[in-house]
Amino acid sequence: MQLGSVQITRIEDYHGPGLAPEFMFPAIDAKMWEDAPDWARRFVDLSANRLLTSIHSWLVRTPHHTVLIDSCIGNHKERPHVPHFNMRDAPWLQRLQAAGVQPEEVDFVMCTHLHADHVGWNTRLQDGRWVPTFPNAKYLFSQTEFDSWDARRPDYVARPFNQCVFEDSILPVVEAGQVQFVEEGYGVDDVLSVESAPGHTAGSVKIRVSSQGSEGMFSGDVIHHPLQLHRPDLCSSFDEDQGTALQTRIRMLDDCAARGSLLMPTHFAAPFCCRITGHDHQGGYLPDWNV
Ligand SMILES: [Zn+2]
């Protein structure tokens, strides 16, 4: 996709059936699907009782830099509590290369938050050691987010689904001296800017892209599934603070509606992104999928 002077390419790690709806959204019921618009039902396989999902990165080429937003699940990573993520061997890196980018050419890796499915390709296994996949990149993390996953801190609270992630996907890039902590307002090339988006995790961020009058939003996990456009009140079981996550989601979607922004989440299945054109009459939002 071209957005002003910026070229955006989706790099896929996984696309297909995901979690059971009631596991992802404990408050969901069958009536919610019946009441939902047709477009929302295209993102669920009701006979298999599975949400359709994707796990992808967004590759952003500005006129000056190559930027990767989120780095998916990664290969050969031990994920004892998440079977789908455990010891994968997927051609994500080959897909990046097919998009015309060698790992050495990535200038910035921006992680919206530090969950296993957003940091996996930060590192790869080389001679039995985890090394940064992108040797010349700065990895941009929120300090708040980093602190909440820093297993070396005395106040660290372990969360089983993210076990091993700090050790294999975060610490190796810190030790390589490639991490830069960024706060609200940090920008890359006057086209990308970091905005705080707490709730899903304490230090989650979203990343705004703005170029030549065109607007887009890389939303990380502020929104997980298109049904939440119709029912923004639906909170994911992975949202750490559901009340804050809901406020953050509504603020972001209102902003997208006001600006006609392209919404680019991490987990929407095909066609993966939409433009928010306005509000419906029930507290939801109107997406245009023909982008
Ligand atoms: Zn995620």
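All of 118, 113 fail the test of being closer than 22 Å to residue 18 by Cβ and part of a helix (DSSP H, G or I), apart from 118. Among the residues making up the range 212-233, those that are in a loop (DSSP other than H, G, I, E, B), away from the ligand (no atom under 12 Å from the Cβ) and either of a type in the set (D, E, K, R) or open to solvent by 30 Å² or more (accessible area, probe 1.4 Å) (or both) are 212, 213, 231, 233. From the list 167, 184, the one residue that fits, being away from the ligand (no atom under 15 Å from the Cβ), open to solvent by 20 Å² or more (accessible area, probe 1.4 Å), under 24 Å from residue 84 (Cβ atoms) and among the charged types (D, E, K, R), is 167. With respect to the conditions (1) more than 16 Å from the ligand (Cβ to nearest atom); (2) of a type in the set (A, V, I, L, M, F, W, C); (3) touching a strand residue (DSSP E or B) at 6+ places or on another chain (Cβ under 8 Å), residue 174 falls short on a single one, namely (3). Look at residue 209 and say whether it is buried (at least 23 other Cβ atoms within 10 Å of the Cβ), away from the ligand (no atom under 14 Å from the Cβ), among the aliphatic types (A, V, I, L, M) and modelled with pLDDT of 95 or more. For residue 209, the condition - buried (at least 23 other Cβ atoms within 10 Å of the Cβ), away from the ligand (no atom under 14 Å from the Cβ), among the aliphatic types (A, V, I, L, M) and modelled with pLDDT of 95 or more - is met.
The test for being of a type in the set (Ser, Thr, Tyr), closer than 20 Å to residue 287 by Cβ and open to solvent by 10 Å² or more (accessible area, probe 1.4 Å) does not hold for residue 236. Which one is nearest to residue 236 (Cα to Cα), of the residues in the range 36-83 that are of a type in the set (D, E, K, R) and not in a loop (DSSP other than H, G, I, E, B)? Step by step, filter the range 36-83, then rank; the result is 50.
Tallying residues that are away from the ligand (no atom under 16 Å from the Cβ), without any contact (Cβ under 8 Å) to a residue 60 or more places away in the chain and part of a loop (DSSP other than H, G, I, E, B) within the range 242-279 yields 3.
The values are calculated or read from the model by the stated rules, or taken from the named source; none is laboratory data. These numbers come from a predicted model, not from an experiment. FYI the Cβ positions are ideal-geometry reconstructions off the backbone, even for glycines, and counts take in every protein chain you see. Heads up: the accessible areas ignore ligands, DNA and RNA and are worked out on the full protein's heavy atoms, side chains in. Shrake-Rupley method; radii C 1.70, N 1.55, O 1.52, S 1.80 Å.
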